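Pasting in a structure now, in structure tokens, and then I'll have a few things to ask.
The values are calculated or read from the model by the stated rules, or taken from the named source; none is laboratory data. Because the structure is predicted, anything quoted here is derived from the model rather than measured. Cβ: placed from backbone, ideal geometry, glycine included. Neighbour counts: every protein chain shown.
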Amino acid sequence: MARQIIYHFSLNSPWTYLGDARFQEIAARHGAKIIHKPTNFGMVFPETGGLPLPKRAPARQAYRLQELDRWRHHLDIKLVPQPAFFPADEKTAAGMVIAAANEGLDCGPLVNGILTAVWAEERNIADDDTLLAIAGERGFDNGAALLAAGKTEAAEEQRIQNSKDALAGGVFGAPSYVVGEHLFWGQDRLEFLDRALGQT
């Protein structure tokens, strides 16, 4: 049976974006199945001591920008540290990912497309036409159906459940990768995830 990685993430998170392509590659190399769980960290932070970006101390906000600059150059990944549409309302985008997962589709390209839209292309992922365009660009010919399903109460209920699952699993930030009892928080922990997957 293939190893599973539960992936708790925010589509507004630059750290999720910085790690996403590497994470997908690591999982594929180990033959691990990714369980995509778009998570509402607005539910998670109050229960785990986290703060949304605007409420963080100025020193922490300034350091975050330094780190984003370091990591984009270290990884040689295009990233706009202060994109035009951040933070965006990611509810519908997350719903689309949930809908794709429920259909048994590979969500990876859609997730990466949405993250790239925010952090590299400065596109508004709260806009329906933008989401439809991203779905088409990433090879989904059922974008309209995914968009409609992503707007349903059932999709939002699943995102709420994902958030409850995150809390139950000790998750407190994005991205988080969970393998069995082991939690790896942050794209800078991907090396440790890689090692853990190799120890089978």
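Could we say that G143 is at pLDDT below 95 and not basic (K, R) here?
No; evaluated as a whole, the condition is false for this residue.
Now for a separate question. For the list (1) touching a residue at least 40 places away in the same chain (Cβ under 8 Å); (2) aliphatic (A, V, I, L, M); (3) farther than 20 Å from D194 by Cβ, I need the number of the one condition that A21 fails.
(3)
Another question, then. For the list (1) within 20 Å of Q158 (Cα to Cα); (2) touching a residue at least 24 places away in the same chain (Cβ under 8 Å), I need the number of the one condition that G42 fails.
With respect to (1) within 20 Å of Q158 (Cα to Cα); (2) touching a residue at least 24 places away in the same chain (Cβ under 8 Å), G42 is out only on (2).
Kindly list the number of the only condition in (1) in contact with a helix residue (DSSP H, G or I) (Cβ under 9 Å, 6 or more places away or on another chain); (2) of a type outside the set (A, V, I, L, M, F, W, C); (3) surrounded by fewer than 16 Cβ atoms within 10 Å (Cβ to Cβ); (4) assigned to a helix (DSSP H, G or I) that fails for R72.
Just one mismatch for R72, condition (3).
Out of the range 144-157, which residues are surrounded by fewer than 21 Cβ atoms within 10 Å (Cβ to Cβ) and either assigned to a helix (DSSP H, G or I) or in contact with a His (Cβ under 6 Å, 6 or more places away or on another chain) (or both)? First the steps, then the outcome.
Step one: of the range 144-157, the residues surrounded by fewer than 21 Cβ atoms within 10 Å (Cβ to Cβ) are 144-145, 147-149, 151-154, 156-157.
Within the range 144-157, A144, A145, L147, A148, A149, E153, A154, E156, E157 meet the criteria.
Now, a different point. Any idea which of A84, A126 is closer than 26 Å to E47 by Cβ, surrounded by fewer than 20 Cβ atoms within 10 Å (Cβ to Cβ) and aliphatic (A, V, I, L, M)?
Values: A84 fails: closer than 26 Å to E47 by Cβ.
Matching residue, one of A84, A126: A126.
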